[in-house]
Amino acid sequence: MEDRNVKPELGRRSFLVQGFVAASAATIAPGVMVAMASGKGEGASSEHRWGLLVDTDKCADGCTSCVDACNHENGIDLHKMPEGQSPAKWEQQRPQWIRKVKLKDKETGKVTNLPMMCQHCEFPPCVDVCPTGASFKRVDGIVMVDRHLCIGCRYCMMACPYKARSFIHEDVLEQLTRAPRGKGCVESCNLCAHRVDAGDETTACAEACQKEGHQAILFGDLKDPNSAISVALRERSSHQIRADLELNTGVRYTDI
């Protein structure tokens, strides 16, 4: 059965004390950290670079399975609209780690559906502008936010060209032990790092997409030439969103 242990929001001071017992991290370069997991896996390793390949031809219009799965996996579905807040304001401010967007070719009129999340750049602008080191990139390429170092300045949100980060405006009354969240902090997709560190081979969004029969999202190790994602990237032309920025994203898209 799925572990959805819910806990109240911890204070940052109490977490810092407990965190040194549960896990350890070492900074090896500015913005780059080795995160040692306390689970069954081996933690982050530079031998891997995790990423996603999205086949936009298979991404179904109106389908939100990937979004729903992400919300459930990370406890975002536990975050409800505050009493008295207007639905319009909630829709504008509610946390989103992944969202569905549509692109329209101005010349052909072709409409493309795709999921947009943190692109896990090799050179992440969010890390460059973060004044506290809360935004960091693991050695396996996963870009994350340490909410206990985040001061809520939102520089990273302004720097991200993909609008992939959310700010939590409300108290977080319920959350999952595997996905700590807190008011006044920024958060975004972390490629289900808790799954990766436990040795799982897929993310919640990719798993949900496969169960729906679309198979539009493929997760894997970009450094492994024999991985399914590496084979697919060799066989098909793929693109980065905003390739002109030369960020070398870990998320690629076909047919856009």
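Report every pair of residues separated by at least 6 positions or lying on different chains whose Cβ atoms are under 9 Å apart, first residue within the stretch 66-77 and surrounded by fewer than 19 Cβ atoms within 10 Å (Cβ to Cβ), second of a type in the set (Lys, Arg).
His72/Arg4
I'd like to check something: does the stretch 244-251 contain any residue that is under 22 Å from Val127 (Cβ atoms), touching a residue at least 40 places away in the same chain (Cβ under 8 Å), touching a Ser or Thr at 6+ places or on another chain (Cβ under 6 Å) and surrounded by 18 or more Cβ atoms within 10 Å (Cβ to Cβ)?
Applying the first criterion (under 22 Å from Val127 (Cβ atoms)) to the stretch 244-251 yields 244-251.
Right, trim to touching a residue at least 40 places away in the same chain (Cβ under 8 Å) and you get 245-251.
This time we only want the ones that are touching a Ser or Thr at 6+ places or on another chain (Cβ under 6 Å), so: none.
Scanning the stretch 244-251, I find no residue that is under 22 Å from Val127 (Cβ atoms), touching a residue at least 40 places away in the same chain (Cβ under 8 Å), touching a Ser or Thr at 6+ places or on another chain (Cβ under 6 Å) and surrounded by 18 or more Cβ atoms within 10 Å (Cβ to Cβ), so the answer is no.
Is there any pair with a first residue in the stretch 180-208 that is over 17 Å from Gly75 (Cβ atoms) and open to solvent by less than 10 Å² (accessible area, probe 1.4 Å) and a second that is hydrophobic (A, V, I, L, M, F, W, C) and assigned to a strand (DSSP E or B) whose Cβ atoms are under 8 Å apart and which are 6 or more apart or on different chains, and what are they?
Ala206/Leu52; Ala206/Ile217; Ala206/Leu218; Ala206/Phe219
To keep it simple, each residue is scored yes or no on (1) part of a strand (DSSP E or B); (2) touching a His at 6+ places or on another chain (Cβ under 9 Å); (3) surrounded by fewer than 12 Cβ atoms within 10 Å (Cβ to Cβ).
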{"residue": "Ala60", "(1), (2), (3)": "no, yes, no"}
{"residue": "Glu83", "(1), (2), (3)": "no, no, yes"}
{"residue": "Trp90", "(1), (2), (3)": "no, no, no"}
{"residue": "Lys102", "(1), (2), (3)": "yes, no, yes"}
{"residue": "Leu114", "(1), (2), (3)": "yes, no, no"}
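Suppose we filter Val67, Val54 for residues that are at negative phi, of a type in the set (Val, Ile, Thr) and either at pLDDT below 95 or out of contact with any Phe, Trp or Tyr (no Cβ under 8 Å at 6 or more places or on another chain) (or both); which single one remains? Steps first, please.
Values: Val54 fails: either at pLDDT below 95 or out of contact with any Phe, Trp or Tyr (no Cβ under 8 Å at 6 or more places or on another chain) (or both).
None of the others qualify; the one that does is Val67.
Give me the residue from the stretch 148-164 that is within 16 Å of the chain's Cα centre (by Cα) and open to solvent by less than 20 Å² (accessible area, probe 1.4 Å) and, out of that set, farthest from Leu52 (Cα to Cα).
Selected residue: Cys156.
The values are calculated or read from the model by the stated rules, or taken from the named source; none is laboratory data. No experiment lies behind these values; they were computed from the predicted model shown. Neighbour counts run over all protein chains shown; Cβ positions are idealised from the backbone, glycine included. Areas reflect the complete protein model, heavy atoms only, side chains present, ligands, DNA and RNA absent. Shrake-Rupley method; radii C 1.70, N 1.55, O 1.52, S 1.80 Å.
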